[in-house]
Amino acid sequence: PGKVLSLPFKNKKFLLTMSIMVAYTFAANISTPFINVHLIENVKISYSLINGINALYFLVFILFGNIAKRQIARWSWFKTFAIWVMIQAPTFLLYSFVHNVDGSTNWLFITVRLLQHVGGLFITLTYSNFPYINLPETDRTAYMSFYVIVVHTSALLSMLFGTGFVKLLGDFKINLFGLTFNSVQMLLFLTFLLQVGVSLLVFALMPKINPE
């Protein structure tokens, strides 16, 4: 147990890589528990449409999987990740504008989710390999245990933050551009800001974490 909590702090590259994973995990999960409920109850998007769009991910993987692999080979794991997180970030901003109960913004919902499928493919392929890029040759079990602990803790804290945010704001709403935004839509806007921050963080750390 002592090695799990001490060794990673002696390896700067691995620790910085973990900081990226922690930051992205937090940014990606703050609104996740609330999106579907918001879409069904507030936006009146059908559950079948939500599931149908989600099911299209496997087609995106088939269409873009090889492109993603070639891009990673050309740009590196971290650069590909940073670019696609930056590309994906504005989709959460657009997501917050999906709110009409008459179905008039269903087209925006479909567009956003398909764009997130594409971005998510590139992000998932790179992110899932981060633990192994700067993983030392020795004491790998301790390093991987540290990775599991910090990433799962980040996910938990992210969802707790999102839950607290929604409960704190309650029924509070803001008006922007003539539109009304509730707490979940504000979380989506916050997700946009956090993902931009994660992308900039990766670009800043790349000289320190890219493999030799």
### Query
Can you spot a residue in the range 13-23 that is exposed (fewer than 14 other Cβ atoms within 10 Å of the Cβ), out of contact with any Leu (no Cβ under 9 Å at 6 or more places or on another chain) and basic (K, R)?
no
### Query
If you go through the range 70-111 one residue at a time, how many are closer than 17 Å to I123 by Cβ, surrounded by 18 or more Cβ atoms within 10 Å (Cβ to Cβ) and of a type in the set (G, A, S)?
2
#### Entry: Candidate set from the range 159-196 (those that are of a type in the set (G, A, S) and more than 21 Å from L94 (Cβ to Cβ)); member that is modelled with the lowest pLDDT
G170
### Message
Here is a check on your reading of the model: is V60 out of contact with any strand residue (DSSP E or B) (no Cβ under 9 Å at 6 or more places or on another chain), within 23 Å of N134 (Cα to Cα) and open to solvent by less than 70 Å² (accessible area, probe 1.4 Å)?
### Response
no
#### Entry: Output for the range 1-37, where each listed residue is among the polar types (S, T, N, Q) and under 21 Å from S183 (Cα atoms)
T25, N29, S31, T32, N36
### Message
Checking the condition surrounded by fewer than 17 Cβ atoms within 10 Å (Cβ to Cβ) and in contact with a His (Cβ under 7 Å, 6 or more places away or on another chain), which residue from L200, L157, L168, L179 passes?
### Response
L179
### Message
If I filter the range 34-56 for residues that are touching a residue at least 24 places away in the same chain (Cβ under 8 Å), within 29 Å of Y147 (Cα to Cα) and loosely packed, with under 14 Cβ neighbours inside 10 Å, do I get at least one hit?
### Response
yes
### Residue pairs meeting the criteria (Cβ under 9 Å; at least 6 apart or on separate chains; first over 15 Å from V37 (Cβ atoms), in the range 148-176; second open to solvent by 90 Å² or more (accessible area, probe 1.4 Å))
I149/L5
### Task
State all residues of the range 164-197 that are touching a Phe, Trp or Tyr at 6+ places or on another chain (Cβ under 6 Å) and farther than 20 Å from E41 by Cβ; if no residue qualifies, say none.
F192
### Query
Can you tell me which residues in the range 112-137 are among the polar types (S, T, N, Q) and either surrounded by 15 or more Cβ atoms within 10 Å (Cβ to Cβ) or touching a residue at least 40 places away in the same chain (Cβ under 8 Å) (or both)?
Q116, T124, T126, N129, N134
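The values are calculated or read from the model by the stated rules, or taken from the named source; none is laboratory data. Just so you know, these numbers come straight off a predicted model, no measurement behind them. Please note: Cβ atoms are built from the backbone with ideal geometry, for glycine as well, and neighbour counts cover all protein chains shown. Each accessible area value is taken on the protein alone, full model and side chains, heavy atoms only, with ligands, DNA and RNA left out. Shrake-Rupley method; radii C 1.70, N 1.55, O 1.52, S 1.80 Å.
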